[in-house]
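Heads up, the thing below is written out as structure tokens.
The values are calculated or read from the model by the stated rules, or taken from the named source; none is laboratory data. In this text, all values refer to a predicted model and were calculated from it rather than measured experimentally. Glycine also receives a Cβ, built like all others from the backbone with ideal geometry; neighbour counts cover every protein chain displayed. Just so you know, the surface numbers come from the protein's heavy atoms only, side chains and all, with ligands and any DNA or RNA stripped out. Shrake-Rupley method; radii C 1.70, N 1.55, O 1.52, S 1.80 Å.
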Amino acid sequence: MKIAIIGASGKAGNQILEEAYERGHDVTAIVRQKDKITNPNVRILEKDLFDLTAEDLVNQDVVVDAFNAQMGHEELHQTSLKHLRAILKGKEVRLLIVGGAGSLYVDQDETVRLMDTEDFPAPFLATARNMGQAFDELKMDKDVNWTYLSPSAFFNPDGEKTGNYILGENQLLVDEKGHSEVSYANFAVAMLDEVEQGNYKQARFTVRNK
């Protein structure tokens, strides 16, 4: 498939890029600085997310949004997704989003989100709230072929790639000790499995290490 990855030089984006390339897909990295992409075998589109047009993406089968707003500019999580939704409206291109864990529910009745709990880290609250608001708006969009993948509470950049993971939907996944963790590498595996299988169209799912 033709897969474009926005934010492909970031931690999550680069893992997804490498996973897609290893599986033989035709990969395009969309980045603001092309010299940050070290894989010589992928295409590069040097462009800011907010400058992307429908013409830039319409020939792709899948667009992966791995954009990450800097601290102090967390509102960009909302405006960036609005922009992508606008240019992909009515298109067949699938939009897969690297989402947040903060909007996952921690109770069976799905009334309390992770970001609403007392122990949620204050420095990440603005990011979680803005990503949560962006997701709430995304859920109402019936004109975009979207999928939203939330990581576990601990999104581990240094965790190993085992290829083994457990899937959930709207509730935070924890193990028997109450831990919720997924490595970036296993997240990328789950993302590419969804790219290839298409089980969660216009839906959110989540993943944790097995």
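The Rg/Rh ratio of the stretch 1-74, with both radii computed over alpha carbons and Rh defined as the Kirkwood radius, is 0.95.
Protein heavy-atom surface of the stretch 145-210, 1.4 angstrom probe: 40% of the accessible area is carbon and sulfur, with nucleic acids and ligands not counted. Remark: relative contact order (the stretch 57-106) = 56 percent; criterion is Cα-Cα distance under 8 angstrom and separation of 6 or more residues.
For the chain, the relative contact order works out to 20 percent when only alpha carbon pairs closer than 8 Å and six or more residues apart are counted. Among the listed pairs K139/K177; K2/K34; K47/K91, which have their C-alpha atoms separated by more than 23 angstrom in this model? In this structure, K139/K177 lie more than 23 Å apart at Cα.
A simple count of charges around E18, restricted to other residues whose Cβ falls under 13 Å of its Cβ and scoring Lys, Arg +1 and Asp, Glu -1, yields +1. Remark: the stretch 2-209 carries a charge dipole of roughly 540 debye about the Cα centre, counting +1 on each Lys and Arg Cβ and -1 on each Asp and Glu Cβ. For the peptides 136-145, 75-84, the ranking by mean Cβ contacts within 10 Å, running from highest to lowest, is 75-84, 136-145.
The fraction of accessible area contributed by carbon and sulfur in the stretch 22-90 is 43 percent, rounded to a whole number (1.4 Å probe; ligands and nucleic acids excluded). Summing Lys, Arg as +1 and Asp, Glu as -1, what charge do residues with Cβ under 10 Å from the Cβ of G102 carry, G102 excluded? With Lys, Arg at +1 and Asp, Glu at -1, the net is +1. Under 17 Å of direct C-alpha separation, and excluding same-chain neighbours fewer than eight residues apart, K161 reaches these lysines: K11, K210. Over the chain, DSSP H runs of length four or greater, each weighted -39,500 (n - 2.57), average out per residue to a 222 nm ellipticity of -8500 deg cm²/dmol.
Each of the peptides 59-70, 8-19 was scored by the mean count of other Cβ atoms within 10 Å over its residues; in descending order, highest first, they stand as 8-19, 59-70. Accessible area per residue for the stretch 2-209 is 50 Å², calculated with a 1.4 Å probe on protein heavy atoms, without ligands, DNA or RNA.
Taking Cβ atoms as reference points and 12 Å as the exclusive limit, the residues near Q33 contribute a net charge of +1, counting Lys and Arg as +1 and Asp and Glu as -1. Convex hull of alpha carbon positions in the stretch 2-209: directionally averaged projected area 11.2 nm².
Between E55, E92, E74, the GNM of the chain built on Cα springs shorter than 10 angstrom shows E55 fluctuating the most.
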